[in-house]
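See below for the structure under consideration.
The values are calculated or read from the model by the stated rules, or taken from the named source; none is laboratory data. Bear in mind the structure is a predicted one, so any value in this text is a computation, not a measurement. Neighbour counts are summed over all protein chains in view; Cβ atoms, including those assigned to glycine, are modelled from backbone coordinates with ideal geometry. Surface accessibility is based on the protein's heavy atoms, side chains included, excluding ligands, DNA and RNA. Shrake-Rupley method; radii C 1.70, N 1.55, O 1.52, S 1.80 Å.
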Amino acid sequence: MNQEKIPATVITGFLGAGKTTMIRNLLTNAGGKKIALIINEFGDLGVDGDVLKGCGAENCTEDDIIELTNGCICCTVADDFIPTMTKLLERENRPDHIVIETSGLALPQPLVAAFNWPDIRTQVTVDGVITVVDSAAVAAGRFADDHDKVDAQRAEDDSLDHESPIEELFEDQLTCADLIVLNKTDLLDAAGIDSVRSEVASRTARKPTMIEAKNGDVPAAVLLGLGIGTEADIANRKSHHELEHESGEPHDHDEFDSFVVELGPVADPVAFVEKLKPVIAEHDVLRLKGFVDVPGKPMRLQIQAVGSRIDHYFDRAWTPGEDRATRLVVIGLHDMDEAAVRAAMAGLV
């Protein structure tokens with residue numbers, strides 16, 4: 001790897017795996033390195049960027065955090081990512097390291113391939129691709145089908161077409177990884193962690209290093225400085241969708257939908273969270289995140305949900321002139337009934 005090039009770390013992983021928490025820990029323990037952060041979110045409300053801007057890391061100021069919220073980065077490389085990188089590299093005070101957090105629905109492969117563009121490859125190299133895995137979700141079978149049952153059904157019905165966009169995406173993100181972080185291992189026992197390791201290993205022919213983490217706490221020295229130069233090996237990490245591209249089939253994200261629900265003030269946040277759980281379960285919401293206005297509280301309540309597992313905490317004070325509002329991003333499969341979800345959530349306040 002050319003040491004004169006700026007190293008860039010791509011952090012990917014499915015919805016709710018803990019990417020933002022891991023990056024926040026990274027920024028506060030980066031050993032003085034000046035880091036520029038590019039964040040891509042699926043949907044119109046940039047929750048993760050707002051969280052990271054409030055972390056107070058001196059080595060990554062608000063000016064160093066760039067948000068891309070108008071599309072999935074793997075589909076908008078030419079329109080969004082390349083111009084963003086070009087502007088970043090034109091800065092007089094260039095970063096020591098670039099960290100890119102992809103949307104939970106993004107394929108890392110097209111993004112990594114973009115580092116081979118002429119204007120980029122002479123100045124930046126991919127230090128490594130890090131895939132964050134929600135170990136508790138994997139252990140619960142979120143990405144694992146009952147293959148014996150499927151085979152039995154297929155034997156009875158030759159027309160059965162069993163494909164899961166979630167499983168494909170999970171495998172694609174693992175296939176591109178140089179390092180896999182099995183996050184949230186504190187929610188499992190030793191046998192559960194071993195099972196997750198086996199399941200993850202079975203999902204990719206490549207065998208990148210796997211490490212365990214709790215609450216996204218991984219030393220910066222582990223995440224940065226891998227020195228892989230992944231862009232030179234991207235041809236060996238093709239995703240399901242790239243193979244479809246080669247056959248002439250276009251890649252899109254029609255399998256997933258995202259929308260923002262705006263609600264009024266929430267007087268009892270604990271009760272609100274409990275009421276959210278059955279709504280999430282009934283409508284199979286994959287991911288829910290956002291901010292809540294609690295009357296009488298000077299601080300903003302942050303909500304992060306993966307399935308029915310919901311974390312909520314006051315993350316920072318509302319700033320003067322900021323619109324105190326309850327806004328939540330809902331992400332699910334394409335057949336999710338948006339009107340029903342909106343109605344159910346409106347009835348919670």
Between Thr209 and Thr122, Cβ-based FRET efficiency (R0 30 Å, step 0.05) works out to 0.55
Non-local residues with an amide H under 5 Å from the amide H of Thr326, with H modelled 1.01 Å from N and Pro and chain starts lacking one, are Leu263, Asp293
Carbon/sulfur accessible area of the range 280-328, % of total, 1.4 Å probe, equals 52 percent
Filtered hits (lysines, Cα-Cα < 18 Å from Lys207, offset >= 8 within chain) -> Lys238
For Asp257 the rounded accessible area (nearest 10 Å², probe 1.4 Å, non-protein molecules ignored) is 60 Å²
Stretched fully, the stretch from Glu282 through His334 gains (0.36 nm per residue minus C-alpha distance, one decimal, in nm) 17.2 nm
Simple SL model, points at 7 angstrom along Cα→Cβ for Asp189 and Lys238; separation in nm is 4.4 nm
Using a 1.4 Å probe on heavy atoms of the protein chains only, the accessible area for Glu262 in Å², nearest 10, reads 120 Å²
A correct Karplus calculation of ³J(HN,Hα) over the range 129-139, with 6.51 cos²θ - 1.76 cosθ + 1.60, θ = phi - 60°, whole Hz and x for Gly and Pro, returns 10, 10, 9, 9, 10, 7, 4, 5, 5, 5, 4
